[in-house]
1. Would you mind checking region 1-29 for residues with the amide N under 19 Å from a putative spin-label position 7 Å along Cα→C-beta of residue 46?
2. Please calculate how many Å² of accessible area region 56-100 carries per residue, with a 1.4 Å probe and no DNA, RNA or ligand atoms counted.
3. Using only DSSP helix segments of four residues or longer, with each worth -39500 (n - 2.57), what per-residue ellipticity at 222 nm results for the chain after dividing by its residue count and rounding to 500?
4. Explain nothing, just the number: dipole magnitude of the chain about its Cα centre with +1 on each Lys and Arg Cβ and -1 on each Asp and Glu Cβ, in debye rounded to the nearest 20.
5. Counting only protein heavy atoms and using a 1.4 Å probe, what share of the accessible area of the chain belongs to carbon plus sulfur, as a whole percent?
6. Determine ³J(HN,Hα), in whole Hz, for all residues of region 71-84 in sequence, where each value follows from phi through the Karplus function 6.51 cos²θ - 1.76 cosθ + 1.60 and θ = phi - 60°; x replaces Gly and Pro.
7. How many lysine pairs are close in the chain, with Cα atoms under 24 Å apart and the two 8 or more places apart or on different chains?
8. Taking every eigenvalue of the Cα gyration tensor of region 18-105, multiplying by 5 and rooting it, what semi-axes result, largest first, whole Å?
Amino acid sequence: MSFEAFAKTVGLAQPAHLKRLVRNGHMPATEMHNPKTKAMQLYITAADAQVFYARFVTLRTLAKNRGVTWQKLSAVLREKGVMPFSPEGIDYGNLYLRAEAEAAV
């Protein structure tokens, strides 16, 4: 799956956030040939996605799993002091460590 497609699927508004995660070593991606251009580029395989889902949640994925709105979850996480994943102040979007977010809700 392309970065753009995976980012959209999990609810990250900007694929750049996902690329930062990979570039900074927080999740894997797999280099493969683009079927149209034949250029090497990074994709998210099923194994890469499993690593992402094991470590992270987004408001979209958490809302889907819990059966509540992302707006309600956002408020609950803020109330409980759970902040988006942002080591060293780097912006990865509305991405949370799974363990912290699930413990809060």
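The values are calculated or read from the model by the stated rules, or taken from the named source; none is laboratory data. None of the values given here were measured: they were computed from a predicted structure. Cβ placement follows ideal geometry from the backbone for every residue including glycine, while neighbour counts extend to all protein chains displayed. In case anyone asks, the SASA skips ligands and DNA or RNA and just uses the protein heavy atoms, side chains included. Shrake-Rupley method; radii C 1.70, N 1.55, O 1.52, S 1.80 Å.
1. Counting backbone N atoms under 19 Å from the label point, the list is 1-3, 5-7, 9-10, 28-29.
2. With the other protein chains kept in place, region 56-100 gives 61 Å² per residue.
3. -14000 deg cm²/dmol
4. It comes to approximately 260 debye.
5. Taking all protein chains in place, the chain shows 55 percent carbon and sulfur surface.
6. 5, 5, 4, 4, 5, 5, 4, 4, 4, 8, x, 7, 9, x
7. 11
8. 29, 14, 10
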